[in-house]
Amino acid sequence: MDGKHGGRIAPRLKRALEAAESSARLQAALAAGMRPAPEYVEVLVERCGTEPDFYVRDMLTWALTQHGGEAAVGPLLAELESENPQARSQALHTLSKIGDPRVWPAITEDLLRDEDDEVARTAWRTAAGLVPEGREAGLAETLSTQFDRGDREVRLSLSRAFVALGPAAAPAVERAKAAPGEGVRTHAVATERLMLDPDEGFDAAIAEAERIVTLLGAPLTGE
């Protein structure tokens, strides 16, 4: 594609992605993914940080995956430094779909502890999916500092990250069961139950964990 034509299509895509109707924006993102062009990447990444509609954001992510890692990973990694929480979370989500090994070093402890819940939970999911072999236990130690954070969905996301990490995460969960805070202990016990039986369901695991922690009335220590 020549530069002259590329210089026209990027502004056209930008205008289409700013349409008032979400259906029009969805179609624009779909078209950009079906006919990838290097000039689209910057526009798509920029829109990820401002798009209000979930389904359009998901289509933007899909469109970026169609452009391949070589074109999309660099601009997406840059978004992890953005002051805009949506830009950070959507970039993490898209990077998780691309699965490029360059992503792992960019998932910093700051992102894993991000003050924005949506950024943090997306970072947990992405890190658990991309962690190199042998680094699972270290990641679990960092994630264990986030037990009892946020609402149900946030806590569920953290538990799912531990389930994804598998047995290597068990020591960090065991230590969290002896934490001073009852909420931390409860979340850790529930997470341990899910790691042993993912089919139990989060609400059931939390209910049983609350019962156990209440009955014991003290931090749980390993047997």
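The values are calculated or read from the model by the stated rules, or taken from the named source; none is laboratory data. It should be emphasised that the depicted structure is a prediction, and the values quoted were computed from it without experimental measurement. Using ideal geometry, Cβ is built from the backbone for each residue, glycine included, and neighbour counts are taken over all protein chains shown. Surface accessibility is based on the protein's heavy atoms, side chains included, excluding ligands, DNA and RNA. Shrake-Rupley method; radii C 1.70, N 1.55, O 1.52, S 1.80 Å.
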Dipole of the chain (Lys/Arg Cβ +1, Asp/Glu Cβ -1, origin at the Cα centre): which of Thr65, Phe54, Ala178 lies farthest to the positive side? Thr65
Hey, any idea what % of the chain's accessible area is carbon plus sulfur with a 1.4 Å probe? 51
Relative to the longest principal axis of the C-alpha atoms of the chain, give the angle of the C-alpha long axis of helix 54-65, reported between 0 and 90° and rounded to the nearest 10°. 70
Extension reserve of the Asp199-Glu81 stretch, reckoned as 0.36 nm per residue once the Cα distance is removed: 38.8 nm
Residue-wise, which Karplus ³J(HN,Hα) couplings in Hz belong to the stretch 32-46, taking 6.51 cos²θ - 1.76 cosθ + 1.60, θ = phi - 60°, and x for glycine or proline? 5, x, 6, 10, x, 8, x, 5, 6, 4, 4, 5, 5, 5, 4
Note to self, the chain gives a 222 nm [θ] from helices alone (DSSP H runs n ≥ 4, -39500 (n - 2.57) apiece, / all residues, nearest 500) of -21000 deg cm²/dmol
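For the stretch 123-204, what is the charge dipole size about the Cα centre, in debye to the nearest 20, if Lys and Arg each add +1 at the Cβ and Asp and Glu each add -1 at the Cβ? Show your work: numbers first, answer last.
Numbers: 10 positive and 13 negative charges, 45 e Å.
Dipole about the Cα centre, nearest 20: 220 debye.
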Return one number: the angle in degrees, 0 to 90 and rounded to the nearest 10, between the long axis of the Cα atoms of helix 152-165 and the longest principal axis of the Cα atoms of the chain. 90
Take every Cα-Cα pair in the chain and report what % of them are more than 32 Å apart. 30
What accessible area per residue, rounded to a whole number of Å², is obtained for the stretch 1-88 using a probe radius of 1.4 Å? 55
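Taking a ≥ b ≥ c as the square roots of the Cα gyration tensor eigenvalues, with a/c under 1.5 meaning rounded and otherwise prolate when a/b beats b/c, else oblate, which class fits the stretch 38-81? Please report the intermediate quantities before stating the final value.
Numbers: a/c = 1.93, a/b = 1.33, b/c = 1.45.
It is oblate, given that a/c is not under 1.5 and a/b is not larger than b/c.
Could you work out how much longer the chain between Thr142 and Arg211 gets when fully extended? Use 0.36 nm per residue separation minus the Cα distance between them, nm to one decimal.
Value of the extension gain: 22.2 nm.
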In whole Hz and in residue order, list the ³J(HN,Hα) couplings for the stretch 113-119 that follow from phi through the Karplus curve 6.51 cos²θ - 1.76 cosθ + 1.60, θ = phi - 60°; x for Gly and Pro. 10, 3, 5, 8, 4, 5, 5
Gyration tensor (alpha-carbon) shape descriptor, the stretch 16-108, a/c threshold 1.5: oblate
On C-alpha positions alone, give me the angle between the axis of helix 3-16 and the longest principal axis of the chain, in degrees, nearest 10. 60
√(5λ) per eigenvalue of the Cα gyration tensor, the stretch 159-203, largest first, Å: 17, 13, 7
